[in-house]
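K.L.:
Take a look at this one; I'll ask things after.
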Amino acid sequence: MGHISRIWQVRFPPSQSGSTIERIFSFGEDASMITWRVQSHDGASESPYTLEQVDIVRAHSGKNIWSVAQSESGRLATGGADGAVALHPVSESCHDAIEISRSLLPSPDREDGLRAYGFVDSKLLLSTTDHGHIVLVDISSLTDQATAATISERLSDLRGYSI
């Protein structure tokens, strides 16, 4: 009940114990990521589990979160209707998403935005843009100082492509 609209994605981050689900991340049309703590009950309740809302992070200028990528290390990135990618905290001590804006792109066309993306490793995102460029985004810094390099000029077949 934490989101005010539809939930588009859910992710289960790696647990510290390695064997049980300890947290769940949900991503909504309301442009928020909610962290839930999974609590187990030993027969003392009707339900064996409950969810407790731990944190909520908003990004994407209030626009829908449409896609989510998660690295093997658990790092999260979301893409929204604002054309930006946001890096989300995975620890309870950090509460702000870091948005990678379209101004980062090396394209002279400021209307171009990141479209589809996926983690290459925990520090690199491979992305296509709305106009069909292929871009490598280095997110090794946890600040808004990410860098992007075009690794392919515009490919018409990738224009508007999404997965």
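The values are calculated or read from the model by the stated rules, or taken from the named source; none is laboratory data. None of the values given here were measured: they were computed from a predicted structure. Positions of Cβ are generated from backbone atoms using ideal geometry, with glycine treated the same way; all protein chains shown enter the neighbour counts. The protein model used for the area step is the full one, side chains on, heavy atoms only, and it has no ligands, DNA or RNA in it. Shrake-Rupley method; radii C 1.70, N 1.55, O 1.52, S 1.80 Å.
K.L.:
Within the stretch 52-63, is even one residue of a type in the set (Ser, Thr, Tyr) and assigned to a strand (DSSP E or B)?
P.N.:
no
Results for (1) of a type in the set (A, V, I, L, M, F, W, C); (2) open to solvent by 70 Å² or more (accessible area, probe 1.4 Å); (3) touching a residue at least 40 places away in the same chain (Cβ under 8 Å), shown as yes or no for each residue.
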{"site": "SER5", "(1), (2), (3)": "no, no, no"}
{"site": "PHE12", "(1), (2), (3)": "yes, yes, no"}
{"site": "GLY28", "(1), (2), (3)": "no, no, no"}
{"site": "ALA31", "(1), (2), (3)": "yes, no, yes"}
{"site": "GLU46", "(1), (2), (3)": "no, yes, no"}
{"site": "GLY62", "(1), (2), (3)": "no, no, no"}
{"site": "GLU72", "(1), (2), (3)": "no, yes, yes"}
{"site": "GLY83", "(1), (2), (3)": "no, no, yes"}
{"site": "LEU87", "(1), (2), (3)": "yes, no, yes"}
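K.L.:
Of the residues that make up the stretch 124-141, is at least one modelled with pLDDT under 80 and either under 19 Å from ALA59 (Cα atoms) or of a type in the set (Phe, Trp, Tyr) (or both)?
P.N.:
Looking for residues that are modelled with pLDDT under 80 and either under 19 Å from ALA59 (Cα atoms) or of a type in the set (Phe, Trp, Tyr) (or both), one finds at least one in the stretch 124-141, hence yes.
K.L.:
Now for a different question. Filter the stretch 33-44 down to residues that are more than 21 Å from the chain's Cα centre (by Cα) and either in a strand (DSSP E or B) or crowded, with 20+ Cβ neighbours inside 10 Å (or both), then give me how many there are.
P.N.:
Within the stretch 33-44, residues that are more than 21 Å from the chain's Cα centre (by Cα) and either in a strand (DSSP E or B) or crowded, with 20+ Cβ neighbours inside 10 Å (or both) number 2.
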